[in-house]
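*Asks:* The structure follows.
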Amino acid sequence: MRDAQQPGHVSLNTLLTRLKDGRYVIPDFQREFEWEARDIRDLVRSIFRDYYIGSLLLWKGTQENFEALSCEPIYGHRATDGRESIVLDGQQRLTALYYALVAPDRPLPRRSTRAFFFVRVDRFVEEDADDAFDYRWDDRSWRSIAETPEKQFANHVFPMSVIGEGGWALSNWAQGYEAFWRAREANALTDENDENARECARHIAHARLFGETLRATTEQYQISYVELDKALEAEKICNIFTQINSKGVRLDIFDLINAMLKPKGLQLKSMWREAQKQIDASAIDRLNVYLLQVMSILRQTYCSPKYLYYLLPGQVKSVRDPDGTRRLEVLIDDAATFREDWDAAVKALADAIALLHHPQQYGVTQPSYLPYKTILPVFSALQRRISTLAPEARLEAQRKFRIWYWSSVFTNHYSASSESTSARDYQAVLAWIEGGAEPLPVAAFKADFASLPLESEIKQGTSRYNGVFNLFVINGAKDWITGLIPQPGDLHDHHIIPRSWGMKQPVIGDRINTILNRCPLTADTNCNVVGDRLPNAYLPDLIATSGLEKVLNILETHLVSETAMRILLRDPFSAADFDDFIVERKRTILKAIERQLLGERLDLPPQLRALDREIEQVELRLRSLVAARLEDDPKLLPPEVRDKIAQRVAAACRNPAIDAGRYDRLETRLEFADLRELQSIIIASGLWERFEAQFRSKPILGAKFDQLANLRNGIRHSRSVDHVTEMEGHAAKLWFEQLLGSGMLETAE
């Protein structure tokens, strides 16, 4: 059987010969050569110090592969013949060696002149390797040295390009260097200048030692490589790439797919540049790969590198059916279909990121506060699938999606193996939406919710830390001084109890950085008003200026309860007080996670949780009915309701990720109306006649709204729900469902 991999080693001399012969070529999917001169210098230094510089990954080339991957010579090489191997990993190192040791007549990228690399022999032999290796830009003084060996010998400068000359050049230079200083020594002895003679003798010894080092380095230094068999199919290569990636050799699958699409008339890099104009997430890396993963999930559920290969137009995939038989299928027939799938994935990812940015939905105001970047592909794909469901099914689907997302965040579900996790979750969430079992992260979160270790989340950027910070944004956390919601560019992650104080307390230390001691404030409030003062110093000032009630209201937007505020005001404030505050705030945050993120209380009986979900469906139907009867015209709303909704829409649209034009229609503006405001619209003077045939009696309608609102408020605000309230609310829900059911049919007709 032919070996799929051929590991080996090659000496520096042999590698350089192959480079000069043009045997190694660069595929289109590789980046351009982008190393700076200092990077090249450091690589050469590492080789001379006998350091390991990593392994190369090559693919034995064929004419078909060379053309399919649009292979080009190494940077600075002019030859187009002699090519043998495609460089899959190691381009930067190979090109750096070629540039330093051969000195091609070409400037470095982003430079107007060439760089020449050399070794200061005297410093190298004296083991001052850090300063021995250097480079010079092309100028008259360097050319004078480069063209005159005697000047090189006199200045102890060894041009690295001598290595690239091959043949006897190395030994000739070392012998010339030694001969130069022997002649100097002879002159010094003739002149009876003993000190000068001793100096020359030292350089002669250096010349011999450096000559031995040159021979040892070029002949004995070994570079390891793995060469893949030319007959291997690209699918198998993707599998090998996956294994190598797990061992730390990075390969960008996007670039590989790009190269393989070129013969099919698709310029993926150009398509990606266009896509970036639609996606508001320039600070998130690997988005181009995430786009391919969205395509793959929507097409075939899976999104690991080997499955991305099947996105190539016309590529045949072997599929195992439930009965165990295998069949062949093509996922994407042609380039036009690929482009359609790509465009759909771009929209799905752009919509998903906008949804995550929404301050009232997921609260990710900045990319650094995204709990997981790796969740983006499955998040986007699921949202895309939910958007295709029947309208009446989307509310429940979004509820379940929201629970899955936050459960994944707080269980660290995407901390590893994100590609396989994405595939499992995509199937599990869709099955759950269709009435199946809860996905594993949901069940795990509900089981362990009460013991969620938020107090130990002290590192910004972790999933749970960011999840809680997103919760602050969703809760509408206001700046303590301005009373306004901080904008993304002016948002500081502030310690409520100052870090400087906590680090001085031996029993607290790093615990001062817990997310339970954080809140979002403006930079000015954080740095110039609060600063390093304890809460018992700055809170009294705020209360004196704004009043206790206003300060309490603002603190509650940060999920700081009145009990927690009383703890913060203790004077003196001790480490025990810090612990009391952390316990109280954790209790408040856990309740908010249930209520605001999951949309249900985990400590509620199942029947109340079910009622809460059913009331949400009634509210959605009421919104649809109002929008239909008012002909989707926001101007028909009662002025007081219209103004309240306008204020909420304006606040949401301060986030630049939100498209304000989306809220031009009444149907979308009603997303900001609560149950009581829907009641006000229906019974308003001049509007009631549009609804009278549906609801018949204002007093009866008002009573039903009261019963429904009492039950909803009891559930949502953690109050106990007595049996009468539950029964009356349930009856009101049934009443609305009966009337709205027939009414919705009439509206649709």
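*Asks:* Quick one: angle between helix 391-410 and the longest Cα principal axis of the chain, in degrees between 0 and 90, rounded to 10, please.
*Replies:* With rounding to tens, the tilt is 50 degrees.
*Asks:* Also, quick follow-up: What whole-number distance in Å separates the alpha-carbon centres of segment 29-77 and segment 665-682?
*Replies:* After rounding, the separation between the Cα centres reads 62 Å.
*Asks:* Same structure again: Using a simple charge model, +1 on the beta-carbon of Lys and Arg, -1 on the beta-carbon of Asp and Glu, nothing else, what dipole does segment 319-370 show about its Cα centre, in debye to the nearest 20?
*Replies:* Using only the charged Cβ atoms, the result is roughly 240 debye.
*Asks:* Quick one: what do you get for segment 503-545 if you divide its Cα Rg by 2.2 N^0.38 Å?
*Replies:* Dividing the Cα Rg of segment 503-545 by 2.2 N^0.38 Å gives 1.32.
*Asks:* Over 18 Å between Cα atoms, which of LYS306/LYS373; LYS635/LYS733; LYS704/LYS733 qualify?
*Replies:* LYS306/LYS373; LYS635/LYS733
*Asks:* In addition: Specify the angular offset, from 0 to 90 degrees and rounded to the nearest 10, of the alpha carbon long axis of helix 234-246 from the longest principal axis of the alpha carbons in the chain.
*Replies:* Between helix and principal axis, roughly 90 degrees.
*Asks:* If you average the C-alpha positions of segment 433-468 and of segment 270-342 separately, how far apart do those two centres end up, in angstrom?
*Replies:* With segment 433-468 and segment 270-342 each reduced to a Cα centre, they are spaced 30 Å.
*Asks:* With every protein chain present, what accessible area does LYS704 have (1.4 Å probe, heavy atoms only), rounded to the nearest 10 Å²?
*Replies:* 40
*Asks:* How many percent of the alpha carbon pairs in segment 316-445 exceed a separation of 21 Å?
*Replies:* Above the 21 Å cut-off, segment 316-445 has 49 percent of its Cα pairs.
*Asks:* ARG595 accessible area, nearest 10 Å², 1.4 Å probe?
*Replies:* Rounded to the nearest 10, the figure is 70 Å².
*Asks:* Would you please state the base-10 log of I(q)/I(0) at q = 0.13, 0.15, 0.20, 0.21 1/Å for segment 1-120, with intensities from the Debye formula using one equal scatterer on every alpha carbon?
*Replies:* One equal scatterer on each Cα of segment 1-120 leads to -0.52, -0.69, -1.20, -1.31.
*Asks:* In square nanometres, what is one fourth of the surface area of the convex hull spanned by the alpha carbons of the chain?
*Replies:* The number I arrive at for the chain is 45.5 nm².
*Asks:* Kindly identify segment 432-540 as rounded, prolate or oblate by the Cα gyration tensor criterion: order the square roots of the eigenvalues as a ≥ b ≥ c, call it rounded if a/c is under 1.5, otherwise compare a/b with b/c, prolate if a/b is larger, else oblate.
*Replies:* It comes out oblate by the Cα gyration axes.
*Asks:* When only the heavy atoms of the protein chains count and the probe is 1.4 Å, how do ARG623, ARG384 rank by accessible area, highest first?
*Replies:* Ranked list, largest accessible area first: ARG384, ARG623.
*Asks:* Inverting the mean 1/r over all pairs of different Cα atoms, compute the Kirkwood radius of segment 544-645 and quote it in Å.
*Replies:* Its Kirkwood hydrodynamic radius stands at 17.5 Å.
*Asks:* At a Cα cut-off below 13 Å, give the aspartates and glutamates reachable from LYS20, other chains included and same-chain residues fewer than 8 away excluded.
*Replies:* Output for LYS20: ASP81, GLU84, GLU165.
*Asks:* P(r) for segment 25-86: what percent of alpha-carbon pairs falls in each 5 Å bin, starting at zero?
*Replies:* Taking every Cα pair in segment 25-86, the percentages come to 4, 15, 20, 20, 17, 14, 7, 2, 0.
*Asks:* Still on this model: Top to bottom by accessible area (1.4 Å), largest first, where do TYR426, TYR135 land?
*Replies:* Highest to lowest solvent-accessible surface, that is TYR135, TYR426.
*Asks:* Distance from the Cα centre of segment 151-179 to that of segment 520-582, in angstrom?
*Replies:* So the separation of the two Cα centres works out to 72 Å.
*Asks:* Report the one residue of PRO109, GLY82, ILE40 whose Cα lies farthest in the direction of the positive end of the charge dipole of segment 15-138 (charges on C-beta: Lys and Arg +1, Asp and Glu -1; origin at the Cα centre).
*Replies:* GLY82
*Asks:* Expressed as a whole percent, how much of the Cα-Cα distance distribution for segment 256-335 exceeds 20 Å?
*Replies:* 39
*Asks:* Work through the residues other than ILE582 whose Cβ is under 12 Å from its Cβ and net out their charges, Lys, Arg +1 and Asp, Glu -1.
*Replies:* Around ILE582, the surrounding residues sum to -1.
*Asks:* Rounded to the nearest 20 Debye, what is the dipole magnitude of segment 1-124 about its Cα centre when Lys and Arg each give +1 and Asp and Glu each give -1 at the C-beta?
*Replies:* 560
*Asks:* Follow-up question, since we're still on this one. Taking the alpha-carbon distance from LYS586 and a cut-off under 24 Å, which lysines remain once sequence neighbours fewer than 8 residues away in the same chain are dropped?
*Replies:* LYS446, LYS459, LYS478, LYS504, LYS550
*Asks:* Which angle from 0 to 90°, rounded to the nearest 10, does the C-alpha axis of helix 698-716 make with the longest principal axis of the chain?
*Replies:* Long axis of 698-716 versus the principal axis of the chain: about 40 degrees.
*Asks:* Of PRO359, HIS495, GLY461, which is farthest towards the positive pole of segment 356-502's charge dipole, taken about the Cα centre with +1 and -1 on the beta-carbons of Lys, Arg and Asp, Glu respectively?
*Replies:* Value: PRO359.
*Asks:* Going by accessible area, probe 1.4 Å, with all protein chains left in place, what is the ranking of ILE458, ILE375, largest first?
*Replies:* Ranked from most to least accessible, the order is ILE458, ILE375.
*Asks:* Where does segment 527-597 land on the Kirkwood hydrodynamic radius, alpha-carbon pairs, in angstrom?
*Replies:* One over the average 1/r among Cα pairs gives 12.9 Å for segment 527-597.
*Asks:* Keeping all protein chains in the complex and leaving out DNA, RNA and ligands, what accessible area do you get for ILE403 with a 1.4 Å probe, in Å² to the nearest 10?
*Replies:* Result for ILE403: roughly 0 Å² accessible.
*Asks:* Something else about it: Measuring with a 1.4 Å probe in the full set of protein chains, what accessible area per residue, in whole Å², belongs to the chain?
*Replies:* Heavy-atom SASA per residue in the chain reads 46 Å².
*Asks:* Where a Cα-Cα gap under 12 Å defines reach, which aspartates and glutamates qualify for LYS269, not counting those fewer than 8 residues away within the same chain?
*Replies:* Answer for LYS269, where 12 Å is the Cα cut-off: ASP28, ASP255, listed by chain and number.
*Asks:* Let me ask another. For the chain, give the magnitude of the charge dipole about the Cα centre (Cβ charges: +1 Lys/Arg, -1 Asp/Glu; no others), in debye to the nearest 20.
*Replies:* 840
*Asks:* Any idea which of GLN607, LEU228, ALA336 is furthest toward the positive side of the dipole for the chain, if Lys and Arg beta-carbons carry +1 and Asp and Glu beta-carbons -1?
*Replies:* So the residue we want is GLN607.
The values are calculated or read from the model by the stated rules, or taken from the named source; none is laboratory data. Here the structure is a predicted model, which is why all the values come from computation and not from measurement. Using ideal geometry, Cβ is built from the backbone for each residue, glycine included, and neighbour counts are taken over all protein chains shown. Heads up: the accessible areas ignore ligands, DNA and RNA and are worked out on the full protein's heavy atoms, side chains in. Shrake-Rupley method; radii C 1.70, N 1.55, O 1.52, S 1.80 Å.
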